[in-house]
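> Pasting in a structure now, in C-alpha coordinates, and then I'll have a few things to ask.
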Ligand SMILES: NC(=O)c1ccc[n+]([C@@H]2O[C@H](COP(=O)([O-])OP(=O)(O)OC[C@H]3O[C@@H](n4cnc5c(N)ncnc54)[C@H](O)[C@@H]3O)[C@@H](O)[C@H]2O)c1
(Lines give C-alpha, C1' and ligand atoms only; values in the text may rest on other atoms or scores of the structure.)
Protein backbone atom coordinates (compact mmCIF):
# COMPACT_ATOMS: atom_id res chain seq x y z
CA UNK A 1 0.00 0.00 0.00
CA UNK A 2 1.62 3.29 -1.11
CA UNK A 3 2.49 5.59 1.80
CA UNK A 4 2.63 9.30 2.50
CA UNK A 5 3.93 11.50 5.33
CA UNK A 6 3.91 15.30 5.67
CA UNK A 7 3.09 15.80 1.99
CA UNK A 8 5.71 13.34 0.75
CA UNK A 9 4.34 10.29 -1.02
CA UNK A 10 5.90 7.05 -2.18
CA UNK A 11 3.95 5.21 -4.84
CA UNK A 12 6.48 4.68 -7.61
CA UNK A 13 9.77 2.95 -6.80
CA UNK A 14 12.70 2.36 -9.10
CA UNK A 15 14.96 -0.53 -8.12
CA UNK A 16 18.46 -0.23 -9.58
CA UNK A 17 20.10 -3.60 -10.08
CA UNK A 18 18.01 -6.74 -10.69
CA UNK A 19 20.36 -9.30 -9.09
CA UNK A 20 19.91 -11.37 -5.94
CA UNK A 21 18.62 -8.47 -3.85
CA UNK A 22 17.11 -6.14 -6.47
CA UNK A 23 14.65 -8.63 -7.95
CA UNK A 24 13.54 -9.69 -4.45
CA UNK A 25 12.99 -6.11 -3.28
CA UNK A 26 11.04 -5.36 -6.48
CA UNK A 27 8.81 -8.38 -5.85
CA UNK A 28 8.14 -7.45 -2.22
CA UNK A 29 7.05 -3.90 -3.10
CA UNK A 30 5.04 -4.91 -6.18
CA UNK A 31 3.16 -7.44 -4.03
CA UNK A 32 2.26 -4.61 -1.65
CA UNK A 33 0.77 -2.49 -4.46
CA UNK A 34 3.65 -0.15 -5.34
CA UNK A 35 4.48 0.58 -9.00
CA UNK A 36 7.97 -0.68 -9.70
CA UNK A 37 10.54 0.01 -12.39
CA UNK A 38 13.33 -2.54 -12.36
CA UNK A 39 16.50 -1.25 -13.96
CA UNK A 40 19.67 -3.07 -14.99
CA UNK A 41 22.42 -2.41 -17.51
CA UNK A 42 21.33 -5.05 -20.01
CA UNK A 43 17.95 -6.45 -21.02
CA UNK A 44 19.14 -10.04 -20.49
CA UNK A 45 19.63 -9.37 -16.74
CA UNK A 46 16.13 -7.95 -16.52
CA UNK A 47 14.66 -10.95 -18.38
CA UNK A 48 16.33 -13.28 -15.94
CA UNK A 49 15.08 -11.26 -12.96
CA UNK A 50 11.50 -11.25 -14.27
CA UNK A 51 11.71 -15.03 -14.75
CA UNK A 52 12.83 -15.42 -11.12
CA UNK A 53 10.00 -13.21 -9.87
CA UNK A 54 7.48 -15.19 -11.93
CA UNK A 55 8.90 -18.47 -10.57
CA UNK A 56 8.53 -17.20 -7.01
CA UNK A 57 4.96 -15.96 -7.61
CA UNK A 58 4.03 -19.25 -9.33
CA UNK A 59 5.06 -21.01 -6.14
CA UNK A 60 2.76 -18.76 -4.11
CA UNK A 61 -0.08 -19.53 -6.54
CA UNK A 62 0.53 -23.28 -6.23
CA UNK A 63 0.37 -22.94 -2.44
CA UNK A 64 -2.86 -20.93 -2.85
CA UNK A 65 -1.32 -17.92 -1.08
CA UNK A 66 -2.24 -15.68 -4.05
CA UNK A 67 -4.60 -16.18 -7.00
CA UNK A 68 -3.59 -16.33 -10.67
CA UNK A 69 -5.33 -12.97 -11.14
CA UNK A 70 -3.27 -11.43 -8.33
CA UNK A 71 -0.10 -12.85 -9.83
CA UNK A 72 -0.75 -11.17 -13.15
CA UNK A 73 -1.57 -7.87 -11.41
CA UNK A 74 1.69 -8.01 -9.44
CA UNK A 75 3.68 -8.76 -12.59
CA UNK A 76 1.98 -5.91 -14.44
CA UNK A 77 3.17 -3.53 -11.70
CA UNK A 78 6.86 -4.28 -12.50
CA UNK A 79 8.28 -2.57 -15.58
CA UNK A 80 11.76 -3.67 -16.64
CA UNK A 81 13.62 -0.71 -18.19
CA UNK A 82 17.27 -0.36 -19.24
CA UNK A 83 17.40 3.39 -19.94
CA UNK A 84 18.20 5.17 -16.65
CA UNK A 85 16.40 8.41 -17.50
CA UNK A 86 13.21 6.56 -18.42
CA UNK A 87 13.59 4.37 -15.35
CA UNK A 88 13.47 7.31 -12.92
CA UNK A 89 11.07 9.52 -14.86
CA UNK A 90 8.08 9.04 -12.50
CA UNK A 91 9.99 7.79 -9.50
CA UNK A 92 9.40 8.91 -5.90
CA UNK A 93 12.16 6.68 -4.52
CA UNK A 94 15.15 4.84 -5.97
CA UNK A 95 16.36 1.76 -4.12
CA UNK A 96 19.87 0.96 -5.30
CA UNK A 97 21.09 -2.65 -5.25
CA UNK A 98 24.07 -2.63 -7.61
CA UNK A 99 27.27 -4.55 -6.72
CA UNK A 100 29.09 -3.65 -3.48
CA UNK A 101 31.93 -1.66 -5.10
CA UNK A 102 32.30 1.92 -3.90
CA UNK A 103 33.59 3.31 -7.21
CA UNK A 104 30.73 1.68 -9.09
CA UNK A 105 28.14 2.96 -6.61
CA UNK A 106 29.56 6.50 -6.85
CA UNK A 107 29.42 6.33 -10.65
CA UNK A 108 25.83 5.09 -10.56
CA UNK A 109 24.81 7.87 -8.13
CA UNK A 110 26.54 10.55 -10.22
CA UNK A 111 24.48 9.51 -13.27
CA UNK A 112 21.34 9.15 -11.18
CA UNK A 113 21.70 12.55 -9.53
CA UNK A 114 21.70 14.18 -12.96
CA UNK A 115 18.60 12.49 -14.34
CA UNK A 116 16.35 12.18 -11.28
CA UNK A 117 14.08 15.08 -10.20
CA UNK A 118 15.21 17.00 -7.09
CA UNK A 119 12.40 15.51 -5.00
CA UNK A 120 13.43 11.89 -5.62
CA UNK A 121 14.73 10.03 -2.54
CA UNK A 122 17.72 7.70 -2.89
CA UNK A 123 18.16 4.62 -0.68
CA UNK A 124 21.11 2.24 -0.85
CA UNK A 125 20.95 -1.45 0.03
CA UNK A 126 24.69 -1.50 0.77
CA UNK A 127 25.74 -3.99 3.47
CA UNK A 128 29.02 -2.38 4.42
CA UNK A 129 29.83 0.86 2.59
CA UNK A 130 29.70 4.21 4.43
CA UNK A 131 26.36 5.94 3.84
CA UNK A 132 27.71 9.45 4.48
CA UNK A 133 30.57 9.00 2.00
CA UNK A 134 28.08 8.24 -0.78
CA UNK A 135 25.73 11.01 0.43
CA UNK A 136 28.49 13.60 0.22
CA UNK A 137 28.85 13.01 -3.53
CA UNK A 138 25.19 13.93 -4.08
CA UNK A 139 23.30 17.18 -4.58
CA UNK A 140 20.71 15.87 -2.05
CA UNK A 141 22.50 14.32 0.95
CA UNK A 142 19.42 15.05 3.08
CA UNK A 143 17.39 12.72 0.83
CA UNK A 144 19.85 9.81 0.96
CA UNK A 145 19.60 6.88 3.38
CA UNK A 146 20.72 3.27 3.87
CA UNK A 147 18.00 0.62 3.64
CA UNK A 148 19.59 -2.76 4.27
CA UNK A 149 17.38 -5.72 3.34
CA UNK A 150 18.50 -9.24 4.17
CA UNK A 151 18.70 -12.16 1.78
CA UNK A 152 16.19 -13.31 0.60
CA UNK A 153 14.16 -10.08 0.84
CA UNK A 154 10.95 -12.00 0.14
CA UNK A 155 11.36 -13.95 3.41
CA UNK A 156 13.58 -11.98 5.78
CA UNK A 157 11.59 -9.71 8.10
CA UNK A 158 14.44 -7.44 9.17
CA UNK A 159 15.45 -4.23 7.40
CA UNK A 160 18.19 -2.06 8.90
CA UNK A 161 17.73 1.65 8.26
CA UNK A 162 20.83 3.81 8.39
CA UNK A 163 20.56 7.59 8.22
CA UNK A 164 23.70 9.38 7.05
CA UNK A 165 25.01 12.46 8.87
CA UNK A 166 22.79 14.74 6.75
CA UNK A 167 19.69 12.59 6.24
CA UNK A 168 16.62 14.60 7.28
CA UNK A 169 14.30 13.29 10.01
CA UNK A 170 11.37 13.47 7.57
CA UNK A 171 13.11 11.10 5.18
CA UNK A 172 14.06 8.76 8.03
CA UNK A 173 10.44 8.62 9.24
CA UNK A 174 9.11 8.14 5.72
CA UNK A 175 11.48 5.23 5.09
CA UNK A 176 10.55 3.63 8.43
CA UNK A 177 6.91 3.74 7.28
CA UNK A 178 7.89 2.38 3.88
CA UNK A 179 9.50 -0.66 5.51
CA UNK A 180 6.53 -1.21 7.84
CA UNK A 181 4.12 -0.92 4.89
CA UNK A 182 5.39 -4.27 3.54
CA UNK A 183 5.14 -5.94 6.94
CA UNK A 184 8.85 -5.86 7.64
CA UNK A 185 10.50 -4.83 10.89
CA UNK A 186 12.75 -1.79 10.70
CA UNK A 187 15.72 -1.53 13.06
CA UNK A 188 17.46 1.82 13.01
CA UNK A 189 21.21 2.03 13.15
CA UNK A 190 21.45 5.63 14.35
CA UNK A 191 25.05 6.08 13.29
CA UNK A 192 26.68 5.10 10.05
CA UNK A 193 29.06 2.64 11.71
CA UNK A 194 30.98 -0.14 9.88
CA UNK A 195 28.80 -3.26 9.59
CA UNK A 196 25.72 -1.43 10.90
CA UNK A 197 24.19 -3.79 13.51
CA UNK A 198 23.88 -7.35 12.21
CA UNK A 199 27.15 -7.52 10.28
CA UNK A 200 28.94 -5.86 13.18
CA UNK A 201 27.78 -8.76 15.34
CA UNK A 202 28.23 -11.57 12.82
CA UNK A 203 31.31 -10.96 10.64
CA UNK A 204 33.82 -10.52 13.54
CA UNK A 205 32.36 -13.64 15.13
CA UNK A 206 33.42 -15.83 12.21
CA UNK A 207 37.02 -14.64 12.70
CA UNK A 208 36.78 -15.14 16.46
CA UNK A 209 35.55 -18.71 15.96
CA UNK A 210 38.69 -19.33 13.85
CA UNK A 211 40.85 -18.03 16.73
CA UNK A 212 39.01 -20.28 19.19
CA UNK A 213 39.65 -23.27 16.93
CA UNK A 214 43.34 -22.40 16.68
CA UNK A 215 43.95 -21.43 20.31
CA UNK A 216 41.88 -24.13 22.00
CA UNK A 217 42.91 -26.76 19.44
CA UNK A 218 39.37 -27.95 18.92
CA UNK A 219 37.31 -28.96 15.87
CA UNK A 220 34.93 -26.70 14.00
CA UNK A 221 31.99 -29.11 14.63
CA UNK A 222 32.68 -28.79 18.36
CA UNK A 223 32.52 -24.99 18.23
CA UNK A 224 29.46 -25.08 16.00
CA UNK A 225 27.73 -27.54 18.33
CA UNK A 226 28.50 -25.36 21.35
CA UNK A 227 27.05 -22.20 19.80
CA UNK A 228 23.99 -24.04 18.54
CA UNK A 229 23.20 -25.86 21.77
CA UNK A 230 24.50 -23.38 24.37
CA UNK A 231 24.22 -19.92 22.82
CA UNK A 232 20.84 -20.14 21.03
CA UNK A 233 22.22 -19.91 17.49
CA UNK A 234 20.07 -21.52 14.78
CA UNK A 235 23.16 -23.21 13.34
CA UNK A 236 26.92 -23.21 13.86
CA UNK A 237 29.05 -20.15 13.05
CA UNK A 238 31.11 -21.99 10.43
CA UNK A 239 27.91 -23.45 9.01
CA UNK A 240 26.38 -19.97 8.81
CA UNK A 241 29.59 -18.62 7.24
CA UNK A 242 29.40 -21.31 4.54
CA UNK A 243 25.75 -20.47 3.96
CA UNK A 244 26.53 -16.72 3.70
CA UNK A 245 29.52 -17.24 1.38
CA UNK A 246 33.22 -16.54 1.93
CA UNK A 247 33.18 -13.90 -0.84
CA UNK A 248 30.57 -11.90 1.12
CA UNK A 249 32.41 -12.38 4.43
CA UNK A 250 35.79 -11.53 2.94
CA UNK A 251 34.47 -8.37 1.28
CA UNK A 252 32.66 -7.26 4.45
CA UNK A 253 35.82 -7.94 6.50
CA UNK A 254 37.92 -5.70 4.27
CA UNK A 255 35.40 -2.85 4.32
CA UNK A 256 34.85 -3.02 8.08
CA UNK A 257 38.53 -3.36 9.00
CA UNK A 258 39.45 -0.49 6.68
CA UNK A 259 37.16 1.83 8.61
CA UNK A 260 37.58 0.54 12.15
CA UNK A 261 40.36 -1.65 13.55
CA UNK A 262 38.46 -2.19 16.81
CA UNK A 263 35.52 -3.98 15.24
CA UNK A 264 37.28 -6.97 13.77
CA UNK A 265 40.49 -8.96 14.20
CA UNK A 266 40.84 -10.64 10.81
CA UNK A 267 41.93 -14.27 10.91
CA UNK A 268 43.90 -15.37 7.81
CA UNK A 269 41.67 -18.43 7.31
CA UNK A 270 38.91 -16.35 5.68
CA UNK A 271 41.23 -14.86 3.08
CA UNK A 272 42.78 -18.28 2.50
CA UNK A 273 39.40 -19.93 1.85
CA UNK A 274 38.39 -17.02 -0.38
CA UNK A 275 41.63 -17.28 -2.41
CA UNK A 276 41.17 -21.03 -2.74
CA UNK A 277 37.62 -20.34 -4.05
CA UNK A 278 36.20 -22.34 -1.17
CA UNK A 279 33.24 -20.02 -0.89
CA UNK A 280 30.99 -22.29 1.15
CA UNK A 281 27.75 -24.04 0.25
CA UNK A 282 27.57 -22.43 -3.21
CA UNK A 283 30.99 -23.75 -4.33
CA UNK A 284 30.70 -27.17 -2.67
CA UNK A 285 33.31 -26.42 -0.01
CA UNK A 286 34.06 -23.78 2.60
CA UNK A 287 34.78 -24.63 6.20
CA UNK A 288 32.86 -27.85 5.46
CA UNK A 289 32.56 -30.02 2.33
CA UNK A 290 29.16 -30.42 0.68
CA UNK A 291 28.00 -33.17 -1.63
CA UNK A 292 26.42 -30.71 -4.07
CA UNK A 293 25.41 -27.06 -4.23
CA UNK A 294 22.03 -27.66 -2.53
CA UNK A 295 21.42 -26.44 1.01
CA UNK A 296 22.76 -29.04 3.40
CA UNK A 297 22.90 -29.05 7.21
CA UNK A 298 25.95 -30.11 9.20
CA UNK A 299 25.48 -32.81 11.80
CA UNK A 300 25.98 -31.18 15.23
CA UNK A 301 25.21 -32.51 18.70
CA UNK A 302 25.03 -31.50 22.35
CA UNK A 303 27.70 -34.11 23.06
CA UNK A 304 30.17 -32.47 20.63
CA UNK A 305 29.29 -29.07 22.10
CA UNK A 306 30.60 -30.13 25.52
CA UNK A 307 34.14 -30.06 24.12
CA UNK A 308 34.06 -26.27 23.60
CA UNK A 309 33.82 -23.49 26.16
CA UNK A 310 31.92 -20.78 24.20
CA UNK A 311 32.80 -17.90 26.59
CA UNK A 312 35.26 -16.32 24.12
CA UNK A 313 32.61 -16.48 21.38
CA UNK A 314 29.85 -14.82 23.40
CA UNK A 315 32.39 -12.31 24.73
CA UNK A 316 33.21 -11.20 21.18
CA UNK A 317 29.63 -10.68 20.00
CA UNK A 318 28.67 -9.05 23.29
CA UNK A 319 31.59 -6.64 23.19
CA UNK A 320 30.53 -5.51 19.71
CA UNK A 321 26.89 -5.20 20.83
CA UNK A 322 28.02 -3.11 23.82
CA UNK A 323 30.15 -0.92 21.53
CA UNK A 324 27.01 -0.08 19.50
CA UNK A 325 25.22 1.04 22.67
CA UNK A 326 28.17 2.98 24.12
CA UNK A 327 28.65 4.76 20.80
CA UNK A 328 24.94 5.61 20.57
CA UNK A 329 24.38 3.70 17.33
CA UNK A 330 21.71 1.52 18.90
CA UNK A 331 20.22 0.26 22.17
CA UNK A 332 19.89 -3.17 23.70
CA UNK A 333 16.25 -3.71 22.62
CA UNK A 334 16.96 -2.85 19.00
CA UNK A 335 20.11 -4.99 18.98
CA UNK A 336 18.16 -7.97 20.34
CA UNK A 337 15.50 -7.43 17.66
CA UNK A 338 18.19 -7.32 14.96
CA UNK A 339 19.96 -10.42 16.34
CA UNK A 340 16.68 -12.31 16.52
CA UNK A 341 15.46 -11.40 13.03
CA UNK A 342 18.79 -11.04 11.22
CA UNK A 343 20.72 -13.93 12.79
CA UNK A 344 17.71 -15.97 13.97
CA UNK A 345 19.08 -16.13 17.52
CA UNK A 346 16.57 -18.01 19.63
CA UNK A 347 17.61 -16.40 22.90
CA UNK A 348 18.41 -12.71 23.57
CA UNK A 349 22.18 -12.14 23.63
CA UNK A 350 22.25 -10.31 26.95
CA UNK A 351 20.10 -13.06 28.52
CA UNK A 352 22.61 -15.71 27.41
CA UNK A 353 25.40 -13.50 28.73
CA UNK A 354 23.73 -13.21 32.12
CA UNK A 355 23.27 -16.98 32.29
CA UNK A 356 26.97 -17.50 31.59
CA UNK A 357 27.81 -14.63 33.94
CA UNK A 358 28.77 -11.09 32.94
CA UNK A 359 31.75 -11.13 35.31
CA UNK A 360 33.06 -14.33 33.69
CA UNK A 361 32.73 -12.75 30.24
CA UNK A 362 34.51 -9.57 31.31
CA UNK A 363 37.27 -11.62 32.94
CA UNK A 364 37.68 -13.56 29.70
CA UNK A 365 37.99 -10.31 27.71
CA UNK A 366 40.53 -8.91 30.17
CA UNK A 367 42.57 -12.09 29.97
CA UNK A 368 42.44 -12.05 26.15
CA UNK A 369 43.43 -8.37 26.02
CA UNK A 370 46.49 -9.05 28.21
CA UNK A 371 47.47 -11.87 25.89
CA UNK A 372 46.42 -10.57 22.46
CA UNK A 373 46.09 -6.80 22.77
CA UNK A 374 43.66 -3.89 22.98
CA UNK A 375 41.18 -5.40 20.51
CA UNK A 376 39.78 -7.47 23.37
CA UNK A 377 39.41 -4.71 25.95
CA UNK A 378 35.93 -4.94 27.43
CA UNK A 379 33.50 -2.17 26.51
CA UNK A 380 32.62 0.16 29.43
CA UNK A 381 28.98 -0.96 29.22
CA UNK A 382 29.96 -4.55 30.04
CA UNK A 383 32.14 -3.36 32.93
CA UNK A 384 29.17 -1.41 34.28
CA UNK A 385 27.00 -4.54 34.13
CA UNK A 386 29.21 -6.63 36.42
N1 LIG B 1 23.48 -10.84 -1.67
C2 LIG B 1 23.24 -10.61 -0.38
O3 LIG B 1 23.15 -11.54 0.44
C4 LIG B 1 23.05 -9.20 0.10
C5 LIG B 1 22.37 -8.98 1.31
C6 LIG B 1 22.15 -7.66 1.73
C7 LIG B 1 22.62 -6.61 0.97
N8 LIG B 1 23.31 -6.86 -0.19
C9 LIG B 1 23.77 -5.69 -0.97
O10 LIG B 1 22.90 -5.50 -2.07
C11 LIG B 1 23.63 -4.94 -3.18
C12 LIG B 1 23.44 -5.82 -4.39
O13 LIG B 1 23.91 -7.12 -4.09
P14 LIG B 1 23.43 -8.40 -4.91
O15 LIG B 1 23.88 -9.56 -4.12
O16 LIG B 1 21.99 -8.28 -5.28
O17 LIG B 1 24.34 -8.25 -6.23
P18 LIG B 1 24.17 -8.96 -7.63
O19 LIG B 1 25.51 -9.01 -8.22
O20 LIG B 1 23.36 -10.22 -7.51
O21 LIG B 1 23.28 -7.91 -8.47
C22 LIG B 1 23.71 -6.64 -8.85
C23 LIG B 1 22.99 -6.26 -10.13
O24 LIG B 1 23.29 -4.89 -10.40
C25 LIG B 1 23.44 -4.77 -11.79
N26 LIG B 1 24.13 -3.53 -12.11
C27 LIG B 1 25.46 -3.26 -12.22
N28 LIG B 1 25.64 -1.96 -12.55
C29 LIG B 1 24.42 -1.40 -12.60
C30 LIG B 1 23.93 -0.11 -12.89
N31 LIG B 1 24.78 0.89 -13.20
N32 LIG B 1 22.60 0.12 -12.88
C33 LIG B 1 21.74 -0.88 -12.60
N34 LIG B 1 22.14 -2.14 -12.33
C35 LIG B 1 23.46 -2.39 -12.34
C36 LIG B 1 24.17 -6.03 -12.21
O37 LIG B 1 24.05 -6.27 -13.60
C38 LIG B 1 23.45 -7.07 -11.35
O39 LIG B 1 22.30 -7.59 -12.01
C40 LIG B 1 25.08 -4.81 -2.69
O41 LIG B 1 25.29 -3.52 -2.21
C42 LIG B 1 25.14 -5.83 -1.56
O43 LIG B 1 26.13 -5.52 -0.60
C44 LIG B 1 23.52 -8.12 -0.65
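The values are calculated or read from the model by the stated rules, or taken from the named source; none is laboratory data. Just so we're clear, the structure is a prediction, and the values are computed from it rather than from any experiment. Heads up, the Cβs are rebuilt from the backbone with ideal geometry, glycines too, and the neighbour counts pull from every protein chain shown.
> Can residue 203 be described as buried (at least 24 other Cβ atoms within 10 Å of the Cβ), assigned by TED's automatic domain parsing to the domain that holds residue 340 and closer than 30 Å to residue 174 by Cα?
yes
> Here are some conditions: (1) away from the ligand (no atom under 13 Å from the Cβ); (2) free of Cβ contacts under 8 Å to residues at least 40 places away in the same chain. Residue 171 meets all but one. Which one does it not meet?
(2)
> While we're looking at this one, here's another question. Could you tell me which residue of region 147-164 is farthest from residue 16 (Cα to Cα), considering only residues that are touching a residue at least 40 places away in the same chain (Cβ under 8 Å) and in a strand (DSSP E or B)?
For region 147-164, the residue satisfying everything is 158.
> Mind checking whether some residue in region 78-96 is surrounded by fewer than 14 Cβ atoms within 10 Å (Cβ to Cβ), touching a residue at least 24 places away in the same chain (Cβ under 8 Å) and within 22 Å of the chain's Cα centre (by Cα)?
no
> Mind listing whichever residues of region 14-46 are within 13 Å of the ligand (Cβ to nearest atom), crowded, with 20+ Cβ neighbours inside 10 Å and not in a helix (DSSP H, G or I)?
Scanning region 14-46 gives 14, 15, 16, 17, 18, 37, 38, 39, 40.
> Could you check, for region 2-13, whether at least one of its residues is outside any helix (DSSP H, G or I), in contact (Cβ under 8 Å) with a residue 60 or more places away in the chain and within 11 Å of the ligand (Cβ to nearest atom)?
No.
> On to the next question. Can you tell me which residue among 338, 321, 353 is in a helix (DSSP H, G or I) and touching a strand residue (DSSP E or B) at 6+ places or on another chain (Cβ under 8 Å)?
Answer to the selection: 338.
> Looking at region 62-72, which of its residues are in a helix (DSSP H, G or I) and exposed (fewer than 15 other Cβ atoms within 10 Å of the Cβ)?
Those that are in a helix (DSSP H, G or I) and exposed (fewer than 15 other Cβ atoms within 10 Å of the Cβ): 62, 68, 69, 70, 72.
> Which numbered condition in (1) at pLDDT below 95; (2) part of a helix (DSSP H, G or I) is the only one that residue 213 fails?
So residue 213 meets the others, but not (1).
> Please go through (1) under 21 Å from the mean Cα position of the chain (by Cα); (2) part of a helix (DSSP H, G or I) for residue 111 and return the number of the only condition it doesn't satisfy.
Here residue 111 meets the rest and fails (1).
> While we're looking at this one, here's another question. Tally time: how many residues in region 268-287 are modelled with pLDDT under 95 and within 24 Å of residue 231 (Cα to Cα)? Lay out the reasoning, then the answer.
Residues of region 268-287 modelled with pLDDT under 95: 280-285.
Checking the rest, the ones that are also within 24 Å of residue 231 (Cα to Cα) come to 280-281.
Number satisfying all stated conditions: 2.
> Could you grab me the full set of residues in region 258-267 that are modelled with pLDDT under 95 and either more than 24 Å from residue 103 (Cα to Cα) or in a helix (DSSP H, G or I) (or both)?
Matches in region 258-267: 258, 259, 262.
> Of the numbered conditions (1) part of a helix (DSSP H, G or I); (2) in contact with a strand residue (DSSP E or B) (Cβ under 7 Å, 6 or more places away or on another chain), residue 200 satisfies every one except a single condition; which is it?
All conditions pass for residue 200, except number (2).
> Something else about it: Name the single residue that is farthest from residue 170 (Cα to Cα) among those in region 98-133 being in contact with a helix residue (DSSP H, G or I) (Cβ under 6 Å, 6 or more places away or on another chain) and away from the ligand (no atom under 11 Å from the Cβ).
115
> Also: Given the criteria under 14 Å from residue 72 (Cα atoms) and touching a strand residue (DSSP E or B) at 6+ places or on another chain (Cβ under 8 Å), does residue 13 qualify?
On the way: under 14 Å from residue 72 (Cα atoms): no; touching a strand residue (DSSP E or B) at 6+ places or on another chain (Cβ under 8 Å): yes.
Considered against the rule, which asks whether it is under 14 Å from residue 72 (Cα atoms) and touching a strand residue (DSSP E or B) at 6+ places or on another chain (Cβ under 8 Å), residue 13 comes out as no.
> Scan region 47-65 residue by residue and report those that are more than 13 Å from the ligand (Cβ to nearest atom) and in contact (Cβ under 8 Å) with a residue 24 or more places away in the chain.
53, 56, 57 - these are the residues of region 47-65 that are more than 13 Å from the ligand (Cβ to nearest atom) and in contact (Cβ under 8 Å) with a residue 24 or more places away in the chain.
> What residue, of 228, 166, 217, is within 30 Å of residue 35 (Cβ to Cβ) and more than 17 Å from the chain's Cα centre (by Cα)?
Of the residues listed, the single one that is within 30 Å of residue 35 (Cβ to Cβ) and more than 17 Å from the chain's Cα centre (by Cα) is 166.
> Let me ask something else. Could you check how many residues of region 165-183 are more than 19 Å from residue 13 (Cβ to Cβ) and in a helix (DSSP H, G or I)?
So the answer is 1.
> If we keep just the residues of region 134-153 that are buried (at least 16 other Cβ atoms within 10 Å of the Cβ) and within 22 Å of residue 183 (Cβ to Cβ), which is farthest from the ligand (Cβ to nearest atom)?
Restricting to residues being buried (at least 16 other Cβ atoms within 10 Å of the Cβ) and within 22 Å of residue 183 (Cβ to Cβ), the top hit is 145.
> Condition first: surrounded by 24 or more Cβ atoms within 10 Å (Cβ to Cβ) and either under 14 Å from residue 297 (Cβ atoms) or within 16 Å of the ligand (Cβ to nearest atom) (or both). Now tell me which residues in region 211-227 satisfy that.
224, 225
> Being buried (at least 17 other Cβ atoms within 10 Å of the Cβ) and closer than 30 Å to residue 227 by Cβ is the filter here, so list the residues in region 158-189 that pass it.
If the condition is that a residue be buried (at least 17 other Cβ atoms within 10 Å of the Cβ) and closer than 30 Å to residue 227 by Cβ, then 158, 159, 160, 161, 162, 179, 184, 186, 187, 188, 189 are the ones that fit.
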